[in-house]
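Quick notes on the structure that follows.
The values are calculated or read from the model by the stated rules, or taken from the named source; none is laboratory data. Values in this document were obtained by computation on a predicted structure and should not be read as measured data. Positions of Cβ are backbone-derived with ideal geometry, glycine not excepted, and every protein chain shown enters the neighbour counts. Just the protein is used for accessible areas: all its heavy atoms, side chains included, with ligands, DNA and RNA removed. Shrake-Rupley method; radii C 1.70, N 1.55, O 1.52, S 1.80 Å.
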Amino acid sequence: MSHLSTTIRVEASPEVVFDLIADPTRAPEWQTLLAEMGEISGRPGGVGSSYIGYYRVAGRRIEGRFVVTAAERPRIHQATGTTRGGWTRWTTYIDPADGGSDVRVALEYELPGEIVRSVLGVLTGTRLQRAFHRTYLNLKRVAEAEAARPGAGREQIVDGPGSVAHIGAE
């Protein structure tokens, strides 16, 4: 099992950051290794919602099937994923900090065997680490641009049949 982690300061509210992370349709805007999104099911950010992402790792296309396993807006988002021969658990903690957010990310993963055994196996870990850090610099850029929009973090979501919950900052 391998681990990657990072902490980054984002000049956007925890709500803006969480909403960006929790919405798989927005993932191509900031996830470096993501080539395309597949099927998405359920309410974005809701526990039990799922999505398929197609990633490029070591020159190979890897299909990842993810399920949101923990979500407490705007503080925590966790998704677990499986691939053919591999898995990942991606946990993001978002803490308010001086009008912005401190974002801590922990990624645990196991690559499929054919990648680990490849000639690029040793280099893959270094490349993944660089891509992981670029991913969170991208998240920072996108979230800060989003935060500059009027009304950012004040959207409404449908939270079950017939109910609407105001989820923005007051």
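Over region 1-77, what percent of the accessible surface lies on carbon and sulfur atoms, probe 1.4 Å?
Working: 1700 of 3620 Å².
It is 47 percent, rounded to a whole number.
May I ask for the percentage of alpha-carbon pairs in region 21-106 that lie more than 20 Å from each other?
Every Cα pair in region 21-106 considered, those over 20 Å come to 33 percent.
For region 81-89, what does the Karplus curve 6.51 cos²θ - 1.76 cosθ + 1.60, with θ = phi - 60°, yield as ³J(HN,Hα) per residue in whole Hz, taken in order and with x for Gly and Pro?
Karplus-based 3J(HN,Hα) across region 81-89 equals x, 10, 10, 5, x, x, 7, 8, 10 Hz.
Residue by residue through region 63-73, which ³J(HN,Hα) values in whole Hz follow from phi under the Karplus form 6.51 cos²θ - 1.76 cosθ + 1.60 (θ = phi - 60°), with glycine and proline marked x?
8, x, 9, 10, 10, 6, 10, 8, 7, 10, 5
Can you pull the three principal axis extents for the Cα set of region 4-49, in Å, largest first?
Extents along the principal axes: 31, 23, 19 Å.
Would you mind pulling out the separation of the Cα centroids of region 136-150 and region 4-47, in Å?
11 Å
7 Å from Cα along Cα→Cβ at both V47 and D23: what's the point-to-point distance in nm?
Calculated label separation equals 2.4 nm.
What ³J(HN,Hα) values, in whole Hz, does the Karplus curve 6.51 cos²θ - 1.76 cosθ + 1.60 give for region 14-21 when θ = phi - 60°, with x put for Gly and Pro?
Using θ = phi - 60°, the values come out as x, 5, 4, 5, 4, 4, 5, 5 Hz.
Could you give the dipole magnitude of region 39-107 about its Cα centre, charging the beta-carbon of Lys and Arg +1 and that of Asp and Glu -1, in debye to the nearest 20? Walk me through the intermediate numbers first.
On the way: 10 positive and 6 negative charges, 81 e Å.
Its charge dipole is roughly 380 debye.
Just to confirm, what accessible area per residue do you get for region 1-116 at 1.4 Å probe, in whole Å²? Provide the component values of the computation, followed by the final result.
On the way: 5380 Å² over 116 residues.
Counting only protein heavy atoms, the per-residue value for region 1-116 is 46 Å².
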